[in-house]
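Everything on this sheet refers to the single structure shown next.
Values quoted throughout were computed directly from the atomic coordinates according to the rules given, and no laboratory measurement underlies them. All values reported here derive from a predicted model rather than from experimental measurement. Don't worry about glycine lacking a Cβ; one is built from the backbone with ideal geometry, like all the others, and counts go over all protein chains shown.
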């Protein structure tokens, strides 16, 4: 009985040390984990809460509304899609800006130096189909 237990333990230890490529398909993959300051992240802004928010300039004038947030294909910087112009969603135009240009002041989202006209002058953004 003792020999059986020793053999089972050796077999289990060997199975746990076999390279992943033997057990799975393809080449082994590695994932780099990064420590995140969860307290800092928890004080950030959730996309679900930011969508639909008004964007103002330093004077407090509404210059647009956040329509969407897009992460670039390489996963680098997020972009914000703003709806500008129009009235109640009719005749509005979508423009896109790097999210890093936005500033937050309490519950306000600001775009320093922006005016409705300067945003309307930007190229129109259209979603890829």
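Per-residue Cβ neighbour counts within 10 Å put 103, 46 in the sequence 46, 103, beginning with the fewest.
With neighbour counts taken as other beta-carbon atoms within 10 Å, the residues 68, 61, 37 rank, fewest first, as 37, 61, 68.
Order by neighbour count: 51, 82, 97, fewest other Cβ atoms within 10 Å first, most last. Walk me through the numbers on the way to the answer.
Values: 51 14, 82 24, 97 18.
Fewest to most other Cβ atoms nearby, the residues stand as 51, 97, 82.
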